[in-house]
1. So C:His125 clears everything in (1) surrounded by fewer than 23 Cβ atoms within 10 Å (Cβ to Cβ); (2) closer than 14 Å to B:Gln27 by Cβ except one condition, right? Which one?
2. Among the residues of region C:59-69, is there at least one that is surrounded by 22 or more Cβ atoms within 10 Å (Cβ to Cβ), part of a loop (DSSP other than H, G, I, E, B) and not hydroxyl-bearing (Ser, Thr, Tyr)?
3. Select from region C:47-68 the residues that are among the hydroxyl-bearing types (Ser, Thr, Tyr) and over 12 Å from the mean Cα position of the chain (by Cα) and write down the one among them that is modelled with the highest pLDDT.
4. Looking at region B:291-306, is at least one residue in contact (Cβ under 8 Å) with a residue 40 or more places away in the chain, of a type in the set (Gly, Ala, Ser) and within 30 Å of B:Phe191 (Cα to Cα)?
5. Within region C:70-87, which residues are of a type outside the set (Gly, Ala, Ser) and in a loop (DSSP other than H, G, I, E, B)?
6. Suppose we filter C:Leu10, C:Leu50, C:Leu84 for residues that are more than 9 Å from every other protein chain (Cβ to nearest Cβ) and out of contact with any Gly (no Cβ under 9 Å at 6 or more places or on another chain); which single one remains?
7. In this structure, is B:Ile105 of a type outside the set (Asp, Glu), touching a residue at least 40 places away in the same chain (Cβ under 8 Å), farther than 30 Å from B:Ile215 by Cβ and surrounded by fewer than 24 Cβ atoms within 10 Å (Cβ to Cβ)?
Amino acid sequence: MNVETPLIRTLMAERFGEAIEELGFSHGVHAFAAPPDMIVDLCRFLKEDPALQFDFLSDICGVDHYPEMPRYEAVYHLFSLPNKWRVRIKCRLGDPPRVPSVTGVWRTANWHERETWDMYGIRFEGHPDLRRIYMWEGFEGFPQRKDFPLRGYKDKLNPFGAEGSPPTQPDLATKDIPQGGRSTPRT
Amino acid sequence: MTEVTELSWPETDAPRTREVLLNLGPQHPSTHGVLRLVLELDGEYVERVDPHIGYLHRGTEKLAESFTYTQIFPLTDRLDYLCPPSNNLAFALAVEKLLGIQAPIRAQYIRVMMAELARISGHLLITGALPMDLGAMTALLYAMREREMIMDLLEMISGARMHTSFCRVGGVREDLPDGFFPKIREFCDIFPNRIRDYERLLDSNRVFLKRTQGIGVISAEDGIDLGLSGPNLRASGVDWDIRRDEPYEIYDRLDFDVITSQEGDCYARWRCRVEEMRESVRIIEQCLDQMPDGPFQIDMPTIAFPTDKDRVHCSMEALIQHFDLSAYGFKVPKGEVYSAIEAPKGELGFYIVSDGSPKPFRMKVRSPSFVNLQALFGVANAHYLADMIAVLGSLDPVMAEVDK
Amino acid sequence: MNNAIRDSVLFTTADSLISWSRRSALWPETFGIACCAIEMISAGCARYDLDRFGVVFRPSPRQSDVMIIAGTITRKFAPVVRRLYDQMPEPRWVIAMGTCAISGGVYNTYAVVQGAETFVPVDVHVPGCPPRPEALMHGFLLLQEKIKKSRALAGASLDRVAAP
């Protein structure tokens, strides 16, 4: 199972030199750490390299390592349909967290990145439509950050929340029709 | 304005059309839950679709960070509530990988059997719900009749009809009850005939065929690019099934076919699910034949409750361990894992970051419905408004899983 | 002549006639939110068959008089539930089905409303996670009992339908 690690590492080193750090192979996944400014090139390379063909983006998610610094991390899980290999790429991000968007490489990254933005406030630069996806427009804070209280802030609808400014109320469905930000990439 | 509209109306004194924004949902009988679609319409044609989700966002991932690993099982039940045993299995596998343990063989068979029962129950609902969305009410009533049989079986095993929470880290909660095998054999005998009934009901129904064949076609390249998985991707001709390609539990001992189809339209997606139910019955039958006797839970008192109570009653250490386990949970070594299984909807992955405490530092659910729903971007353009319902129904999103 | 009158004339109060007609055709909205919706569908389908009690699902709030809140209500969704409630013609009743709708249940988080009672008046609580279809049926029977006891013309029970 582990024979492909040297291959992936060698191919990466040929292209990117020492910038990509290898984190080892565990539980069926090869892990690498990459600097944020290389993420798009790296993803495109992994997807298009004929020996690797990581053509399927499984997941993008954020991790908050508060109070450790650098605080945030964007984690990408890639899968190669022809080879059945899995790769994890981790990107440590400072505060405020910013990372280039990979929507140009996979269209499926669109919602994953919107979710990560909504939950962790990681800004994906170059994303065509970076709106909140779970919470409503106008919601304050990023709920999955470690310093956001689990129960939110107290108001009439949730008397168990933490003390603080009560959350804004969402608009009714009929009001918040999006004006800009066309999210359809093709016609 | 789409090309079709321009062609169908004469150039001279053509009526000027204006794009209309239409809200479909969040309360709509055909959105399978609380999904809201903002549709930009040109006449009857859908120009653009913007799905709004989050109406069922319950904060599962954040909540899991404050729960012990055993307490998270009930939360995973409520992700894809049509097939809770699969979700339990996915989570248990992820934690077991971190711990470096494996459930006993009998437990693995029980889990796989339950996951396949869940797959049937999940697919049954869509088998009935897609025709119902298109106006054929009868199919749902038949499908729900068979679904009740599965509910009865799950209730027999776990005591709950829907949210079984039957898996534990290192095994299952208890052994199969007496009298279970004849019941499930009876189900396996009856069910394939019932599948033929659905086919007779719908495969020759011209309205159903007209409304699904050639509608919402997704090519294989688009499907991969959009991150589709499971039957939705297999219907587009991509031969990928995690059960076969990265076998977990005892799937490598079982003989089953991976159903694919080349068309990639709504009918193919529906058809794939119907065929998969047949394969699931085959898998269940093999599980029943091969299931060995033996323990149903790993013998590690720090992780699983001991199966014989005498040990707890007679030994002080065992009692303390038991108390410790139920009050604080078990510690999981530091590390991270991404573990994916073939859930009924597609690739269900759990990414867990552990900091060595009894609670996960971060739990991310890679839910298949969330990604599958995104495929609406790729297919819904230049379809009639009524076809939207067929496309949405055939993608089979479960909103609790989409919103987590 | 006497017998003919006895056979065809029935003396009752207007209140009991009104409440009989109200409780015999409770039409709930087709409005599933989460897991409980599946048990609600099961209750409506062949095995449990809620139609026996005159309970027929309607797709529009304007045609229905019972709202079954079947699932977790999130903050984002609460205004929608309230709007649907306001759209229903009076008299109207609300069944909170399942732990999430009753109290938020296990989901005591930033996104979830802690019980439907915080923004709509609830008539019957059906506990369970999710409640079995039998429990939902029992909830409907309780609601029928409640309507039976209410007096439409006396006005007491109509106060509650005025929006706050």
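The values are calculated or read from the model by the stated rules, or taken from the named source; none is laboratory data. Quick caveat: nothing in here was measured; it's all calculated off a predicted structure. Neighbour counts run over all protein chains shown; Cβ positions are idealised from the backbone, glycine included.
1. (2)
2. No - not one qualifying residue is present in region C:59-69.
3. If we filter region C:47-68 for residues that are among the hydroxyl-bearing types (Ser, Thr, Tyr), which is where we start, we get C:48, C:60, C:64.
So of that shortlist, the ones also over 12 Å from the mean Cα position of the chain (by Cα) come out as C:48, C:60.
Working: C:Tyr48: 89, C:Ser60: 85.
Only one residue fits best here, namely C:Tyr48.
4. yes
5. Going residue by residue through region C:70-87, those that are of a type outside the set (Gly, Ala, Ser) are C:72-77, C:79-87.
Hits for region C:70-87 are C:Thr72, C:Ile73, C:Arg75, C:Lys76, C:Phe77.
6. Working: C:Leu50 fails: out of contact with any Gly (no Cβ under 9 Å at 6 or more places or on another chain); C:Leu84 fails: more than 9 Å from every other protein chain (Cβ to nearest Cβ).
One residue alone meets the criteria, C:Leu10.
7. On the way: of a type outside the set (Asp, Glu): yes; touching a residue at least 40 places away in the same chain (Cβ under 8 Å): yes; farther than 30 Å from B:Ile215 by Cβ: yes; surrounded by fewer than 24 Cβ atoms within 10 Å (Cβ to Cβ): yes.
Yes; evaluated as a whole, the condition is true for this residue.
Per-residue answers, yes or no, for (1) surrounded by fewer than 16 Cβ atoms within 10 Å (Cβ to Cβ); (2) touching a Pro at 6+ places or on another chain (Cβ under 6 Å); (3) within 14 Å of another protein chain (Cβ to nearest Cβ); (4) hydrophobic (A, V, I, L, M, F, W, C):
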residue: A:Ile20; (1), (2), (3), (4): no, no, no, yes
residue: A:Gly28; (1), (2), (3), (4): no, no, yes, no
residue: A:Pro35; (1), (2), (3), (4): yes, no, no, no
residue: A:Phe56; (1), (2), (3), (4): no, no, yes, yes
residue: A:Cys61; (1), (2), (3), (4): no, no, yes, yes
residue: A:His65; (1), (2), (3), (4): no, no, yes, no
residue: A:Met69; (1), (2), (3), (4): yes, no, no, yes
residue: A:Glu73; (1), (2), (3), (4): no, no, yes, no
